[in-house]
1. From (1) touching a Gly at 6+ places or on another chain (Cβ under 7 Å); (2) in a helix (DSSP H, G or I); (3) among the aliphatic types (A, V, I, L, M), pick out the condition that doesn't hold for Leu128.
2. Quick check on Trp25: is it in a helix (DSSP H, G or I), touching a strand residue (DSSP E or B) at 6+ places or on another chain (Cβ under 9 Å) and either of a type outside the set (Val, Ile, Thr) or surrounded by fewer than 15 Cβ atoms within 10 Å (Cβ to Cβ) (or both)?
3. Please state which one of Glu14, Glu83, Glu66, Glu36 is in a helix (DSSP H, G or I), under 14 Å from the mean Cα position of the chain (by Cα) and of a type in the set (Asp, Glu).
4. Quick one: which residue in Glu102, Glu83 is at pLDDT 95 or above, surrounded by fewer than 16 Cβ atoms within 10 Å (Cβ to Cβ), closer than 15 Å to Val11 by Cβ and not basic (Lys, Arg)?
5. Might you check whether a residue that is surrounded by 18 or more Cβ atoms within 10 Å (Cβ to Cβ) and closer than 16 Å to Ile34 by Cβ occurs anywhere in segment 106-120?
6. Go over the candidates Pro45, Pro31, Pro69 one by one and state the one that is of a type outside the set (A, V, I, L, M, F, W, C) and surrounded by fewer than 13 Cβ atoms within 10 Å (Cβ to Cβ).
7. For Thr8, are the conditions met, namely being touching a residue at least 40 places away in the same chain (Cβ under 8 Å), of a type in the set (Val, Ile, Thr), surrounded by fewer than 17 Cβ atoms within 10 Å (Cβ to Cβ) and farther than 16 Å from Leu125 by Cα?
Amino acid sequence: MTTTSTETRSVVIERDFAHAPDKIWRALTQPHLIAEWLMKNDFVPALDHRFTLTGDWGSVDCRVLEIEPQRALAYSWDAMGLESVVTWTLTPSAAGTHVRMEQAGFRPDQQQAFAGAKFGWQKFLANLDEVVARID
């Protein structure tokens, strides 16, 4: 008898930002700012709100799963067979804010999606830093 593995993997990126949590939070939750660092969207910071992220390559169906202002944000991320959850955790630090992003739910047969996410989130977080630096 063979058993199939249900183990999933996560992409985790942690970065320190020289900005206060409220500025990072604004960039994570205001649609016009999300569009600047991630993708076009119809995000609303409300529990269970369904929204779509749209990029040149296609779209991602999302739903807000957790929202704790200036501390935590989680949403589902369903695209091209990948059903995952993206969780942002903001922790105030001496320098500004420690940001932890985790995208969980990559199955063993989703190596390409996993590799793409590892690359993509590095780029997205660099963009996020640039956007936050411009916020007054």
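1. Of the numbered conditions (1) touching a Gly at 6+ places or on another chain (Cβ under 7 Å); (2) in a helix (DSSP H, G or I); (3) among the aliphatic types (A, V, I, L, M), the odd one out for Leu128 is (1).
2. Numbers: in a helix (DSSP H, G or I): yes; touching a strand residue (DSSP E or B) at 6+ places or on another chain (Cβ under 9 Å): yes; either of a type outside the set (Val, Ile, Thr) or surrounded by fewer than 15 Cβ atoms within 10 Å (Cβ to Cβ) (or both): yes.
It is true that Trp25 is in a helix (DSSP H, G or I), touching a strand residue (DSSP E or B) at 6+ places or on another chain (Cβ under 9 Å) and either of a type outside the set (Val, Ile, Thr) or surrounded by fewer than 15 Cβ atoms within 10 Å (Cβ to Cβ) (or both).
3. Values: Glu14 fails: in a helix (DSSP H, G or I); Glu83 fails: in a helix (DSSP H, G or I); Glu66 fails: in a helix (DSSP H, G or I).
Going through Glu14, Glu83, Glu66, Glu36 in turn, the sole match is Glu36.
4. Working: Glu102 fails: surrounded by fewer than 16 Cβ atoms within 10 Å (Cβ to Cβ).
When all the criteria are applied, what remains is Glu83.
5. So in segment 106-120, the residues surrounded by 18 or more Cβ atoms within 10 Å (Cβ to Cβ) come out as 106-107, 110, 113-114, 117.
Now narrow it down to the ones that are closer than 16 Å to Ile34 by Cβ: none.
No: segment 106-120 contains no residue that is surrounded by 18 or more Cβ atoms within 10 Å (Cβ to Cβ) and closer than 16 Å to Ile34 by Cβ.
6. Values: Pro45 fails: surrounded by fewer than 13 Cβ atoms within 10 Å (Cβ to Cβ); Pro31 fails: surrounded by fewer than 13 Cβ atoms within 10 Å (Cβ to Cβ).
Step by step, each of Pro45, Pro31, Pro69 is checked, and only Pro69 is of a type outside the set (A, V, I, L, M, F, W, C) and surrounded by fewer than 13 Cβ atoms within 10 Å (Cβ to Cβ).
7. Numbers: touching a residue at least 40 places away in the same chain (Cβ under 8 Å): yes; of a type in the set (Val, Ile, Thr): yes; surrounded by fewer than 17 Cβ atoms within 10 Å (Cβ to Cβ): yes; farther than 16 Å from Leu125 by Cα: yes.
Taking the combined requirement at face value, the residue satisfies it.
Results for (1) among the β-branched types (Val, Ile, Thr); (2) in contact (Cβ under 8 Å) with a residue 12 or more places away in the chain; (3) farther than 24 Å from Thr6 by Cα, shown as yes or no for each residue.
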position	(1), (2), (3)
Ile67	yes, yes, yes
Ala74	no, yes, no
Val86	yes, yes, no
Gly96	no, yes, yes
Gln103	no, yes, no
Asp109	no, no, no
Ala117	no, yes, no
Ala126	no, no, yes
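The values are calculated or read from the model by the stated rules, or taken from the named source; none is laboratory data. None of the values given here were measured: they were computed from a predicted structure. Positions of Cβ are backbone-derived with ideal geometry, glycine not excepted, and every protein chain shown enters the neighbour counts.
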